[in-house]
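The values are calculated or read from the model by the stated rules, or taken from the named source; none is laboratory data. From a predicted model like this one, the values you see are computed outputs, not experimental measurements. FYI the Cβ positions are ideal-geometry reconstructions off the backbone, even for glycines, and counts take in every protein chain you see. Side chains included, ligands, DNA and RNA excluded: accessible areas come from the protein's heavy atoms. Shrake-Rupley method; radii C 1.70, N 1.55, O 1.52, S 1.80 Å.
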Amino acid sequence: MSSLRGNRTGSLAGLHVVQRRGLGGQALSFLQPRLTTDYRTARHITHDYDREVLSEGVTALLAVPVVVEGNVRGVLYGAEREGMSVANRSVERVVQAASRLQQQLRDRDQAERERLRIELRSLPTARASAPTVADLSGEKLEELRASYAELRSITASLSDPALIERMRHVESRLAALSMPTAAQEADVQLSPREVDVLGYVAIGLNNGEIAAELALAESTVKSYLATVMRKLGQRTRLGAATEARRLGLIP
């Protein structure tokens, strides 16, 4: 949970809800609103988050998923301490707010897709005699790496499969420009998110800045880095970035 209003405690701040767990987890899994009028005694949900929810004195709880093109982009919650019914106007308001947010996200996605299509059309085609890392100055190389990291961040926010595929091709072309010719074939397999995090480490961002760029919790960034360091056999985040670059996993 990233935003709260009307709360009395901080028990719900930053709560991570997973699919099928709790009321919000059901909304995530079934892509439909879920309501319980008596949270404490509800039998149709798991009670993984009782401590956090009941600490707020919540009696009734509503969870409405924000779904755009079949993908859940968020969940809006409504809670009452006095009880709630399906006919309650609070339920209607939350559902209407989710509907407005869905349309806003659709419009934003469409505008972003159009902007990216224009930018992609303006990119030069790849040439057989593309420059290598040795042809790039230090300043230009760092700018290329920063652009690569930002491009991966943008790609991760897209939902159009065809556009994602085109973006991945552009990423590969940018990466190829900065890979050292002596880069080894890596046996290590990194997830897309691990590559995203390492890409930002490589250009000097701290964990908080990476979390902001990728819309992640800082603890999640730290978890990704711990996994990456283990995979690459490194003790520090910078060591992991250096090793990943040597192996050709990031530019």
Can you name the number of the only condition in (1) modelled with pLDDT of 80 or more; (2) within 21 Å of residue 117 (Cβ to Cβ) that residue 215 fails? (2)
Within region 196-206, tally of residues that are within 14 Å of residue 242 (Cβ to Cβ), open to solvent by less than 10 Å² (accessible area, probe 1.4 Å) and β-branched (Val, Ile, Thr): 1
Within region 11-37, restricting to residues that are touching a Pro at 6+ places or on another chain (Cβ under 9 Å) and crowded, with 17+ Cβ neighbours inside 10 Å, the one that is nearest to residue 94 (Cα to Cα) is 33
Scan of region 47-69 for residues that are in contact (Cβ under 8 Å) with a residue 60 or more places away in the chain and open to solvent by less than 50 Å² (accessible area, probe 1.4 Å), ordered by number: 68
Counting only residues that are aliphatic (A, V, I, L, M), surrounded by fewer than 16 Cβ atoms within 10 Å (Cβ to Cβ) and assigned to a helix (DSSP H, G or I), region 207-238 contains a total of 3
Can you tell which of 40, 8, 81 is over 21 Å from the mean Cα position of the chain (by Cα), open to solvent by 50 Å² or more (accessible area, probe 1.4 Å) and in contact (Cβ under 8 Å) with a residue 40 or more places away in the chain? 8
If I ask for residues that are surrounded by fewer than 21 Cβ atoms within 10 Å (Cβ to Cβ) and at negative phi, which ones from region 239-251 would you list? 239, 242, 243, 245, 246, 247
